[in-house]
Each structure stands twice: as C-alpha cells, then as structure tokens.
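Here the structure is laid out as structure tokens; the discussion comes afterwards.
The values are calculated or read from the model by the stated rules, or taken from the named source; none is laboratory data. Predicted, not measured: the structure shown is a model, and the values here were computed from it. Please note: Cβ atoms are built from the backbone with ideal geometry, for glycine as well, and neighbour counts cover all protein chains shown.
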Amino acid sequence: MCRTLAIMSLLMLSGCTALVVGGAAAGDSQFGKDERQPSVVALDSSITSEVKAKFVADAVVSAFNIRVRTYEGKVTLSGTVSHFVARDQAMDLAKSTSGVKTVTNQIVVED
C-alpha cells in the first residue's frame, strides 16, 4: 500500500512538473527565446534599472510614464511626457548611463 502511494505520488509530481514547465514555455516567458548570452542579458537588465533609477531621482522626468527597453546596450525610450524638456532630459540621462551604446527616443510630448 505504501509503495503504491509512493509511486502514485511520484507520477503525479512528475506530471505537475511537466505541466508547469510547459506552461512557462508557452507563456510570455523569455527563457529559451533570447539569443543573447546570459552576461549580455544581465548587463542589459542592469542598464535598464540604472536608467529607471536616474528617472526616479530626476525632478523633471516622470519615471512612471516612460518605458525603458535595452537590447545589447541599445536603449529605447517610449511613453509620454508633458513637455520637451522632460523628453530631452530623459534622453540625456539614458545616454549618460554606463554601458549604453545608443538611445532611440520614441517619447511623445502630450500637452
């Protein structure tokens, strides 16, 4: 009886594991899809975090309205701001971040 329960438990757990792993792969997860080396992914993530931290600390830029994406050191800014000064400041802050190669500014100024 105990042996049967143990075997059933193992079978059930292995089935759950496959379901969980399969579910993660089928979702919006980037694992297994990203062609960058892990060190590049880590550096890109660090760059994104540093740019966002600069936005939070800045009195002109609203970090909540600007999206920062980094791919192989190339930063793309998107979102909305209320004036050109904030748009230009966001660009300057991103450019001055260590590891950034280029910045594409897609921020829209809304009145």
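On the stretch given as the stretch 79-111, residues that are surrounded by 17 or more Cβ atoms within 10 Å (Cβ to Cβ), among the aliphatic types (A, V, I, L, M) and out of contact with any strand residue (DSSP E or B) (no Cβ under 7 Å at 6 or more places or on another chain) total 2.
Every residue, every condition in (1) under 17 Å from Val103 (Cβ atoms); (2) surrounded by 14 or more Cβ atoms within 10 Å (Cβ to Cβ); (3) at pLDDT below 95, yes or no:
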{"position": "Cys2", "(1), (2), (3)": "no, no, yes"}
{"position": "Leu11", "(1), (2), (3)": "no, no, yes"}
{"position": "Gly15", "(1), (2), (3)": "no, no, yes"}
{"position": "Gly23", "(1), (2), (3)": "no, no, yes"}
{"position": "Arg36", "(1), (2), (3)": "no, no, yes"}
{"position": "Ser49", "(1), (2), (3)": "yes, no, no"}
{"position": "Ser62", "(1), (2), (3)": "no, yes, yes"}
{"position": "Val68", "(1), (2), (3)": "yes, yes, no"}
{"position": "Leu77", "(1), (2), (3)": "yes, yes, no"}
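Screening Gln89 against (1) under 23 Å from Val41 (Cα atoms); (2) not in a loop (DSSP other than H, G, I, E, B) leaves a single unmet condition, (1).
When the stretch 61-86 is examined, which residues are found to be under 27 Å from Asp34 (Cβ atoms) and in a loop (DSSP other than H, G, I, E, B)? Correct list: Glu72, Gly73.
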